[in-house]
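A.B. asks: Please read through the structure below; I'll follow up with questions.
The values are calculated or read from the model by the stated rules, or taken from the named source; none is laboratory data. Since the model is a prediction, treat every value here as computed from it, not as a measurement. Because the Cβ atoms are built from the backbone with ideal geometry, glycine has one as well, and the counts that use them run over all protein chains shown.
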Amino acid sequence: MQRPFTVGIAGGSAAGKSTFAQRLAESLHGLDVRLMRMDAYFKEEKPVHRGPLSGREWPDYNQPASFHLDRLVADLDAAQGDVVLVEGLMTLCVDEVRERCDLKLFVDAPADERIVRRLRRNMAERGLSFDEIAGYYLDCVRFRHQEYVEPSRWFADLVVNGSVLSDAATETVAAYVRANLA
């Protein structure tokens, strides 16, 4: 059995990774598509990050050690179907994940747009306050973004505009995936 064509989708927090992955999955109708989200592989016990500004200790969701990478890699290796979409902050940062990707995408959006999206999402969906979200972002997320996520952009085959997730970008990637299944 042939292994699935695997697309890695990375980018910063609230850059549009999940939205793009869902749109891409929908545009690949007629194919057996598996969507794997790295968020499903968070460890229960997170490493601790000491904020460089506040000195406060935070649970660190924004580094490779925060994930069960061995399980993710095993699931990627065992995946069946036509296409696997693996989406998450560290998709291109982690060698063992990146090496399994046939196409590597980085969804990019400016930091100010990402923080506004993150505020809206986390206030509405997680019940967090503005101060909780802003404090964590300013003292942890942005530093980890610069350390891990942003440098992984260099591994991308294509950078997708996360500010405007256009049908043209989605359909172009879908066409490339379909062409490489033959």
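A.B. asks: Answer yes or no as to whether ASP131 is closer than 23 Å to GLU57 by Cα and surrounded by fewer than 22 Cβ atoms within 10 Å (Cβ to Cβ). Please lay out each step first, then the result.
C.D. replies: Values: closer than 23 Å to GLU57 by Cα: yes; surrounded by fewer than 22 Cβ atoms within 10 Å (Cβ to Cβ): yes.
Yes.
A.B. asks: Being among the acidic types (Asp, Glu), part of a helix (DSSP H, G or I) and within 28 Å of ASN180 (Cα to Cα) is the requirement here; does GLU96 meet it? Step through it out loud before you land on a result.
C.D. replies: Numbers: among the acidic types (Asp, Glu): yes; part of a helix (DSSP H, G or I): yes; within 28 Å of ASN180 (Cα to Cα): yes.
Yes: the conditions hold for GLU96.
A.B. asks: With respect to the numbered conditions (1) surrounded by fewer than 20 Cβ atoms within 10 Å (Cβ to Cβ); (2) among the β-branched types (Val, Ile, Thr); (3) more than 15 Å from the chain's Cα centre (by Cα), which one is the sole condition not fulfilled by VAL159?
C.D. replies: (3)
A.B. asks: I'm checking my understanding of the structure. Among residues of the range 81-103 that are out of contact with any Asp or Glu (no Cβ under 8 Å at 6 or more places or on another chain) and under 12 Å from MET36 (Cβ atoms), which one is surrounded by the most Cβ atoms within 10 Å (Cβ to Cβ)? Steps first, answer last, please.
C.D. replies: As a first pass, look at the range 81-103 and keep what is out of contact with any Asp or Glu (no Cβ under 8 Å at 6 or more places or on another chain): 84-87, 89-99, 101-102.
Next, from what is left, pick out any that are under 12 Å from MET36 (Cβ atoms): 84-87, 91, 97, 101.
Working: VAL84: 23, LEU85: 26, VAL86: 25, GLU87: 25, THR91: 30, VAL97: 25, CYS101: 23.
Result: THR91.
A.B. asks: Can we say GLY30 is at pLDDT 95 or above, surrounded by fewer than 21 Cβ atoms within 10 Å (Cβ to Cβ) and in a loop (DSSP other than H, G, I, E, B)? Give the steps one after another, and end with the answer.
C.D. replies: Values: at pLDDT 95 or above: yes; surrounded by fewer than 21 Cβ atoms within 10 Å (Cβ to Cβ): yes; in a loop (DSSP other than H, G, I, E, B): yes.
Yes, satisfied.
A.B. asks: Next question. State yes or no: is LEU76 touching a helix residue (DSSP H, G or I) at 6+ places or on another chain (Cβ under 6 Å) and either loosely packed, with under 14 Cβ neighbours inside 10 Å or at negative phi (or both)? It would help to see each step written out before you state the result.
C.D. replies: Numbers: touching a helix residue (DSSP H, G or I) at 6+ places or on another chain (Cβ under 6 Å): no; either loosely packed, with under 14 Cβ neighbours inside 10 Å or at negative phi (or both): yes.
So LEU76 fails the test.
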